[in-house]
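Asks: Okay, handing you the structure first.
The values are calculated or read from the model by the stated rules, or taken from the named source; none is laboratory data. On a predicted model such as this, the values are computed, not experimentally measured, just so you know. Counting neighbours? That spans all protein chains shown, and the Cβs are built from the backbone with ideal geometry, glycine included.
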Amino acid sequence: MNEEEFRKIAKEKGYGEVEFLEVEPGPEEEMHSHEHSVLSFVLTGEFTMTTNEWTKVLIPGDMTENPAGTMHKVKIGPEGGSFLFAKKFH
């Protein structure tokens, strides 16, 4: 998958504006949830995402979708990273 394909999928699924975020390595987040769904696409780095059902290591080219209310946490890899994301409010 590439950025263009991600943007197309986000639009088709009814997500809002695609945003860019660059992050530095840091401590693992606490489990939390959002009132909106989030669609994310990794550009650089490595992110370990954990939900109540699974843990996945996400690398460049990976996409993940968390429906509203999904409990999750993210650990940023040692090099930091960047990703695109879009939100969908229900």
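Asks: Report whether or not LYS11 is at pLDDT 95 or above and in contact with a His (Cβ under 7 Å, 6 or more places away or on another chain).
Replies: Judged against the criteria, LYS11 is not a match.
Asks: Within region 24-36, is there a residue that is farther than 14 Å from LYS88 by Cβ, surrounded by 16 or more Cβ atoms within 10 Å (Cβ to Cβ) and at pLDDT 95 or above?
Replies: No, the conditions are met nowhere in region 24-36.
Asks: Looking only at region 79-90, which residues are surrounded by 14 or more Cβ atoms within 10 Å (Cβ to Cβ) and under 17 Å from GLY16 (Cβ atoms)?
Replies: PHE83, LEU84, PHE85, ALA86, LYS87, LYS88
Asks: Do we have any residue at all in region 57-78 that's exposed (fewer than 11 other Cβ atoms within 10 Å of the Cβ) and not aromatic (Phe, Trp, Tyr)?
Replies: Yes: region 57-78 contains one or more residues that are exposed (fewer than 11 other Cβ atoms within 10 Å of the Cβ) and not aromatic (Phe, Trp, Tyr).
Asks: Which ones in region 4-17 are under 10 Å from ALA86 (Cβ atoms) and out of contact with any Phe, Trp or Tyr (no Cβ under 7 Å at 6 or more places or on another chain)?
Replies: Answer for region 4-17, where residues must be under 10 Å from ALA86 (Cβ atoms) and out of contact with any Phe, Trp or Tyr (no Cβ under 7 Å at 6 or more places or on another chain): ARG7, ILE9, ALA10, LYS11, LYS13, GLY14, TYR15, GLY16, GLU17.
Asks: Could you say which residue among VAL18, VAL23, VAL57 is free of Cβ contacts under 8 Å to residues at least 12 places away in the same chain, of a type in the set (A, V, I, L, M) and in contact with a strand residue (DSSP E or B) (Cβ under 9 Å, 6 or more places away or on another chain)?
Replies: VAL57 is the lone residue from the list that is free of Cβ contacts under 8 Å to residues at least 12 places away in the same chain, of a type in the set (A, V, I, L, M) and in contact with a strand residue (DSSP E or B) (Cβ under 9 Å, 6 or more places away or on another chain).
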